[in-house]
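A quick write-up on the structure given underneath.
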Amino acid sequence: MLAVLDGEWDLMVAHPPCTYLSRAGARWWTTPGRQELAFEAGAFVQALWDAPIPRVAIENPIGMLNRLWRYPDQTVQPWQFGDPYRKATCLWLRGLPPLLSTLITEERHYWIDSYPGRRDPGIDYRSIRGKARSAKDRSRTFPGIAAAMAAQWGGAMPE
């Protein structure tokens, strides 16, 4: 699968699986075999980073990459790009500028309902359309962040 990285690419925005890297799964980090899976996931991220591509962005949530590799160059939130949610998204950047906020929203709900102590009072999370309910939902990239990546990094970039 990594052989495709040897193509003639000028930009890669990678969203590697976060199953074994995310802080959301921290309660399982001491489960037997889990560390090995995290190391494999970290090695995959390192292979993406080492690809012969001049401009690279790797997106992942806060978690093991901070310990296994390094801290991100930037951490963004959906509410900085027009989506009314909180979900820290880390970006490791090479050859790309940090993303600039496009539309800051005042309404900010937690996207992942795995932190009961942080629930917004008076909100029935089961009734919120679009609220993360599954691992697939939790791992989605928000439209505002994706649009900012496309607009700010996808155009004609100076050499």
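The values are calculated or read from the model by the stated rules, or taken from the named source; none is laboratory data. Everything numeric in this text was worked out from a predicted model, so none of it was measured. Using ideal geometry, Cβ is built from the backbone for each residue, glycine included, and neighbour counts are taken over all protein chains shown. Heavy atoms of the whole protein, side chains included, go into the accessibility calculation; ligands, DNA and RNA do not. Shrake-Rupley method; radii C 1.70, N 1.55, O 1.52, S 1.80 Å.
Residue pairs whose Cβ atoms lie under 8 Å apart, separated by 6 or more positions or on different chains, with the first residue in the range 29-41 and closer than 15 Å to Leu68 by Cβ and the second part of a helix (DSSP H, G or I) and not acidic (Asp, Glu), are Trp29/Gln35; Trp29/Ala38; Arg34/Trp28; Ala38/Leu68; Phe39/Leu68. Restricting the first member to the range 1-15 and to residues that are within 12 Å of Pro52 (Cβ to Cβ), and the second to residues that are surrounded by 10 or more Cβ atoms within 10 Å (Cβ to Cβ) and of a type outside the set (Val, Ile, Thr), the beta-carbon pairs closer than 6 Å and six or more apart or on different chains are Leu2/Ala47; Leu5/Ala51.
Scanning the range 131-145 for residues that are modelled with pLDDT under 75, open to solvent by 70 Å² or more (accessible area, probe 1.4 Å) and assigned to a helix (DSSP H, G or I) turns up Lys136, Arg138. Residues of the range 63-102 that are open to solvent by 50 Å² or more (accessible area, probe 1.4 Å), under 21 Å from Pro143 (Cβ atoms) and of a type in the set (Gly, Ala, Ser): Ser101 alone.
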